[in-house]
Amino acid sequence: MAKVVLPELGEGIEKATVTYWYFQPGEKVSEKDDLVELATDKATFNLPSPASGTLAEILFKEGDAVNVGEVLGIIEES
């Protein structure tokens, strides 16, 4: 099981907003695939998948605010 975690964003940025999931639960993902798009007050960026496998669970939906260090989703590794 691999956790998709919001990493440190630097410059005192403490949170980001989920704007788009590229995959839905049950879909296969490959390591480094763009998994989720996030936005801060300064930038929009894509967070890559940390592992290959199946996206098992999404913990924050589009529009939700996520704090640095929180788990966005779970990947069941293959």
- Task: With the condition kept exactly as written, say whether any residue in the range 12-19 is within 11 Å of the chain's Cα centre (by Cα), within 14 Å of residue 64 (Cα to Cα) and open to solvent by 60 Å² or more (accessible area, probe 1.4 Å).
- Result: no
- Among the residues of the range 52-62, is any exposed (fewer than 12 other Cβ atoms within 10 Å of the Cβ), within 11 Å of the chain's Cα centre (by Cα) and of a type outside the set (Val, Ile, Thr)? yes
- Message: Every residue in the range 29-54 that is closer than 14 Å to residue 3 by Cβ and touching a Leu at 6+ places or on another chain (Cβ under 8 Å), please.
- Response: 29, 35, 36, 47, 48, 49
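Could you tell me whether residue 11 is in a strand (DSSP E or B) and free of Cβ contacts under 8 Å to residues at least 60 places away in the same chain?
So residue 11 fails the test.
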- Query: Going by the structure shown, is residue 74 among the hydrophobic types (A, V, I, L, M, F, W, C), within 12 Å of residue 5 (Cβ to Cβ) and open to solvent by less than 50 Å² (accessible area, probe 1.4 Å)?
  - Reply: yes
- Consider residue 26 carefully, then state whether it is over 11 Å from residue 66 (Cα atoms) and either part of a strand (DSSP E or B) or modelled with pLDDT under 95 (or both). no
- Message: Given the criteria touching a residue at least 24 places away in the same chain (Cβ under 8 Å) and either open to solvent by 50 Å² or more (accessible area, probe 1.4 Å) or among the aromatic types (Phe, Trp, Tyr) (or both), does residue 26 qualify?
- Response: yes
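Quick check, is residue 65 loosely packed, with under 15 Cβ neighbours inside 10 Å and among the hydrophobic types (A, V, I, L, M, F, W, C)? Full working, then the answer.
Values: loosely packed, with under 15 Cβ neighbours inside 10 Å: yes; among the hydrophobic types (A, V, I, L, M, F, W, C): yes.
So residue 65 passes the test.
The values are calculated or read from the model by the stated rules, or taken from the named source; none is laboratory data. Since the structure is predicted, the reported quantities are computational estimates derived from the model, not experimental observations. Heads up, the Cβs are rebuilt from the backbone with ideal geometry, glycines too, and the neighbour counts pull from every protein chain shown. Only protein heavy atoms, including side chains, enter the accessible area calculation; ligands, DNA and RNA are left aside. Shrake-Rupley method; radii C 1.70, N 1.55, O 1.52, S 1.80 Å.
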